[in-house]
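Below is one structure, written out as structure tokens; comments come after it.
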Amino acid sequence: MRRRPSAEEDVYRPRTATTAPEKAEKSAGMVKSQRTQERKTDVGRDSALEPAVEQNTSPNGRLGSKATVETVAAQHNMQRGRARGPWACSFLTLATTACSIILLATIVRSYLTLQMDPKGCAMSYMRPTFAPFPDFDTEHTRFASKYSLYLYREGGVDEDTRVRGIPVLFIPGNAGSYKQVRPIAAEAANYFQDVLRHDKVALDAGKRSLDFFTVDFNEELSAFHGQTLLDQADYLNEAIAYILALYHNPHRSQREPGLPDPKSVIMLGHSMGGVVARTMLRMPNYQDHTINTIITLSAPHARAPLSFDADMVSTYNDINTFWRQSYTTLDGRKNPLADVTLVSVAGGGLDTMIPSEYSSLTSLVPDTHGFTVFTSAIPRVWTGMDHLAIMWCDQFRKALVKAIFDVADVRHSSQTLPQSARIEALRTRLLTGMESVVEKANLDHEPTTFLTLEHSSTTIMSHGERLRLRSADDSSKARAHLMPIPAQSLIEGSKFTLLTNRALEKNVSEGMYAVLLCSIFPPSTGHAFADLDTTHSTASTRLACKNAAADVSLLPASTNESVNAFDTAEPFSYLQYDLEDLHEYQFVAVVEHGIEHEQGWLLAEFSSGEESSIKISKGHHQLLLNGLQRKLPASRPMMTELKIPEVHSTMFAYKLHVSRHVCGSAEYELFAPLLRQYIQEPYESKYFVNTQGGNINVHGISPYMPPPLSGKGASEGLSLQLWTDPTCNSTVEVSLTVDIVGSAGKLVMRYRTVFASFPLLVVAVVLRKQFKVYDATGVFISFSHSMDQCIRTSLPAIITALTFLAVALSKATQGPWARKWLGRTASETVDFTVNDFMLGTSDPFFWFLVPLFGAIGVGICIAANYLVLSITHLFAAAYGLLWSWTRPTGEKATSLFTTSTSYQRTITTGVLLLMVVTIVPYQFAYLVLCVVQSSTSIKALRTTLDDGLDASHNFYNYAHSMLVLMLWILPINMPVLVVWIHNLAAHWLTPFSTHHNLLSILPYILLVQVMSTGTMVPRITSRVRYITNVAMFAFALYAAIYGVTYAYRLHYMVNGLCAWLLSLYIGPLSLARLVQYLPRSRSGKKRP
């Protein structure tokens, strides 16, 4: 026996064909009982669905008139229709969508057009040939049928396929080709052939040609799939064993006699290939000491570029934990990575594939074993580059090849220098030389030069006097200028600086200028000295000196004609010493050699720390509101440094303006102002030549990045070094302002996953409202109407609560309460997961990002909903048109959900489950389910349009909302599915062991299968309905808090939600309802 419907349910029951007076009478009789029931129990009914009848009642509670009753009933029916209509859209919804689109368009426009660094890479050329190794087959590794190994040879230079030099193995990245090694390998072959082969000193130092090996991974998508990354690392370890064995084979090797056989290989990895190189040392088949030098290019070391695959996230956690623990081991002898040197090169802001701060090694290795450098900081490169250009950029490949040769030493079995010498050589080649970790080469060495002086050719400067030289004649006579070093520092931070447009040669007798650090005390005997005589006279004074050329830092030339730092002009030479490092010397001697027909200039001075270094303490708020203005006086030093500790976030972009008064015609500038912006960790520098300002952005502290391995706090912030000609006696004004619109584009690279997780928060809240109203009233309102109600009520409250939560978490992450709540132990010195949740930052300044992402998420969901509606209505209309053409005249329409029997559906479900267990990953099954759910939604819409019943409306709204939810989860599953299809194309049929978990897809399958029969989820009026409410709310919170770091878990959470909805179908109270919808295949009858 059917229970009697409550008054609340009866309001939204399907209406029968009664007359208008009967409708009015029924409505009048229901008002009092309905209002009484609402006072007794709050069932959470949506306010928009309540009949607006109260204002039309008389004081005695009865309806005023028959016409009024009919009006109320008509309004009530119209309101019910609006709630169920899928296209319902209020002004608030339109306004929210418009605001969201404007915000999103502003962010995208900023990302694509603003704060763009100039591109300065020159094209590279080569004549490649690749020699395969067919004997490296499945007897060596099971992946030989999937991957291939090649040896690169440069045509016309080295075409012999026998190995003879130092082995280098290149690892391509995500979707990368083995042929990407061509520019670097060609430069290495040509550099050795043209330069090193003729340099006896280099040959005696163990420099030999490089044997570049490269691996064909069939352009696999290693960034999407953790198991693929592990497969590649496994194969490469076997490839290294094979490569090293080649040098033992006299038929495959042309090794010089007397040289030790190689026992290690230099690794060069691009993009994910750099992560694979680090993974190799963690694999079970890794042979100790076969890898000791790893150079990576645009590799995301710090965190996974995508968190859609559980294997990828767990692999990253395992690898990074292994590296961190290895370097924090107290006993160095137990460190498996003690002899490994790791260098990461980043492309900077032009890299739109991964955020360049992901290339940082500060959370993985100490500075004694590795560092991160940006290409814009590398001498003679001085330009950023995109993710692919870093492989072919001509300036960079020259610097990289020289760096590899610097660490190579064929005299050792490791084929490289010892670890300490390796890291020093790489710093010297790739860093600017002004970093604190770069040691000055000359300070620890004995004097090597005697400087002979005569009074007529020597100028002794007074203390504090600036040396300014400009070659204006063709005199060939050498002169010496002695600058006395102050006995003690003027103030902390005092330094000696020298800048010239001429190269400082290692041979002091060559070049226009030579800079020497001199002492009047006689050196210890037993050393050979070069004699630099400026007098050719016997009546003279001699000083023991060291040549400072080895400590020169190259700066891009800055003249009035300069445009970019990467221009082809010869660079400036710059020397900088802290005064305390010169305490053993008495003079800095500048020897000026007269060279005919060459022009040059030189500036040198001692400056106090108070004058040359200015610290500006301004926070985000002050910079945002007022900016920064600083006027440098006319009496300033040649180099002035502005330190701004608060400017360290990747989320801000700035506009810099430099204005100055140009020198007059009588006395003109030696050089145009030159600006260097830099941060210390990682080593990022950018230069602005002939500067009047530019775009300032840094890759310092970034969202979701782990803290430094050293446990240090905030970054030292941005520093601006400004070189100007102080002899012009003119002031310089520097201003720095926040580029708000330009900063918006920074959100794309740092928060791109947020644009997938926050819309899921919105979808979950909308679904929660739909089920809440359905359980209370029996009406499953449309997604559009629910969205409109949520915008008015729950979404603002939830987003506000999340904003306060983000601020609270950012302030409390380092506190003892948060440490205990987040499961951290007191013994942990550094928590590398501290930035894993919410906005990924401990800076409460960025609280506004929560409502920003919330507003954008709402707009994206509204747009996506109407897009899905448009597509389903289009297909439903096409289906109806096709049916009208093919249906015989007079035949009645039948239900669209009875085309298959229960046995057919059971067989279909069983086959799909069997395929998931054996062949296909569950991601493929999920794609199939999305297609099936789309078909169900289209059928439900067609049914609703045909019969217009309330039950049909309910089921269509329910099916459509579940389709929207499933479509938002689909992008999380697509990367693994693409990898699987790619493997099929490569004839690799080995299944992914971790993606055949039946429980990961079974609830989805069963729920979609039940819904395909047209069965509506039962309405729950008991307290069990709160479980649905809480489950939706928990899913929404998780999507907001952990949706970025652990996006793959969102699939599992929706899977659990499907399991709960499925339990509602098969529960005791709904079993009878479920049975009545099942087709009776044995009797051949169809459901009416």
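Quick note: the coordinates plus some simple rules give every number you see, no bench work behind them. Everything numeric in this text was worked out from a predicted model, so none of it was measured. Heads up, the Cβs are rebuilt from the backbone with ideal geometry, glycines too, and the neighbour counts pull from every protein chain shown.
A few notes on this one:
- For the pair L967 and E492, a Förster radius of 56 Å applied to the C-beta separation gives a FRET efficiency near 0.35, rounded to the nearest 0.05.
- In whole percents, the pair-distance distribution calculated for segment 186-336 from its alpha-carbon pairs, binned every 5 Å from zero, is 2, 8, 15, 18, 17, 14, 11, 9, 5, 1, 0.
- Three-way shape call for segment 309-423 based on the alpha-carbon gyration tensor, with the a/c threshold at 1.5: oblate
- Simple spin-label estimate for K615 and W885 in nanometres, 7 Å along Cα-Cβ: 8.0 nm
- Under the convention that each Lys and Arg Cβ holds +1 and each Asp and Glu Cβ holds -1, the size of the dipole of segment 565-646 around its Cα centre is about 780 debye.
- Estimated dipole of segment 398-468 in Debye, rounded to 20 [Cβ of Lys and Arg +1, of Asp and Glu -1, Cα centre]: 380 debye
- Options P571, F587, L674, ranked by Cα towards positive dipole end of segment 543-701, top entry (Cβ charges): L674
- Across K655/K746; K119/K618; K618/K746; K119/K686; K200/K402; K119/K746, pairs whose alpha-carbon gap is larger than 24 Å: K119/K618
- Taken about its Cα centre, segment 652-776 carries a charge dipole of roughly 860 debye when the Cβ of each Lys and Arg holds +1 and the Cβ of each Asp and Glu holds -1.
- Using a cutoff of 8 angstrom between alpha carbon atoms and counting only pairs six or more residues apart, the relative contact order for segment 151-213 works out to 52 percent.
- Charge sum, other residues only, whose C-beta stays under 15 Å from S110's C-beta, Lys/Arg counted +1 and Asp/Glu -1: +3
- Classification of segment 91-236 by its C-alpha gyration tensor yields an oblate form. The axis ratio a/c (a ≥ b ≥ c) is 1.5 or more, and b/c is at least a/b.
- Unit charges at the beta carbon, dipole of segment 81-152: most positive-side option, V108, A95, M123: A95
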